[in-house]
Amino acid sequence: MKKFISIAALGIMIVIGCNSQQTPEAEIKKDEKVEAAPIVQNDKPVNLNKTLFLERIVDYEKNPGQWNYKGELPGVIDFYADWCRPCRITSPILEELALEYSGKIQFYKVDVQAEQELASIFGIQAIPSFLFIPKNAQPVMSSGIAATPEMTKEMFRQQINEILLK
């Protein structure tokens, strides 16, 4: 049943989040591993797989129903897929913001196609979706992008200031 829910959630993400078609180059191999990034890497987003997520963000397996953020800095998680056009638009924006907020906010990325369990646990139904994680408060989910990259960047700055740096 859990597997069915994960598959159904991914199907909904594909239909709602993007109208792009997946290309063979974007397919993820089942055995492909995400390389472990250093714990402190403030100048660019860190790719998370389930293991890194449990180590660096929150261990929802050991502490179900409890949010105990493990990060040193407030964080933003980008739930994305390589084949998603809006996700490809936000990616360079988040890289710029990672440089801009280096030392203040840590940016992360979760590929929902490769990490279906994480997508399911956070109820990701549209991509791109973003989880804003204050250091000592509950996280806030946001999704979508604005009409232009400039407006999208400004939208991120506003959410960062209101949710993470208040």
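The values are calculated or read from the model by the stated rules, or taken from the named source; none is laboratory data. Keep in mind that what you see is a predicted model, and the values were worked out from it rather than measured. Neighbour counts run over all protein chains shown; Cβ positions are idealised from the backbone, glycine included.
Of all residues in segment 118-151, those satisfying the criterion of being surrounded by fewer than 14 Cβ atoms within 10 Å (Cβ to Cβ) and closer than 24 Å to Asp59 by Cα are Gly123, Lys135, Asn136, Gln138, Met141. Could you check segment 43-72 and list, in sequence order, the residues that are of a type in the set (A, V, I, L, M, F, W, C) and buried (at least 17 other Cβ atoms within 10 Å of the Cβ)? Selection gives Val46, Leu48, Leu52, Phe53, Ile57, Val58. Yes or no: Leu94 under 19 Å from Pro149 (Cβ atoms) and either loosely packed, with under 15 Cβ neighbours inside 10 Å or not hydroxyl-bearing (Ser, Thr, Tyr) (or both)? Yes. Within segment 152-165, the set of residues being closer than 16 Å to Phe107 by Cβ and surrounded by 11 or more Cβ atoms within 10 Å (Cβ to Cβ) comprises Thr152, Lys153, Met155, Phe156, Arg157, Gln159, Ile160, Ile163, Leu164, Leu165.
Of all the residues in segment 76-113, those that are in contact with an Asp or Glu (Cβ under 8 Å, 6 or more places away or on another chain), over 24 Å from Thr51 (Cα atoms) and among the hydrophobic types (A, V, I, L, M, F, W, C) number 1.
Residue-wise test of (1) within 22 Å of Gln158 (Cβ to Cβ); (2) modelled with pLDDT of 95 or more; (3) touching a strand residue (DSSP E or B) at 6+ places or on another chain (Cβ under 7 Å); (4) of a type outside the set (A, V, I, L, M).
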| position | (1), (2), (3), (4) |
| --- | --- |
| Tyr80 | yes, yes, yes, yes |
| Cys87 | yes, yes, yes, yes |
| Tyr101 | yes, yes, no, yes |
| Val110 | no, yes, yes, no |
| Ala119 | no, yes, yes, no |
| Ser129 | yes, yes, yes, yes |
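Which condition from (1) free of Cβ contacts under 8 Å to residues at least 24 places away in the same chain; (2) within 19 Å of Asp43 (Cα to Cα) is the one that Phe107 breaks? Evaluating Phe107 over (1) free of Cβ contacts under 8 Å to residues at least 24 places away in the same chain; (2) within 19 Å of Asp43 (Cα to Cα) leaves (1) as the failure.
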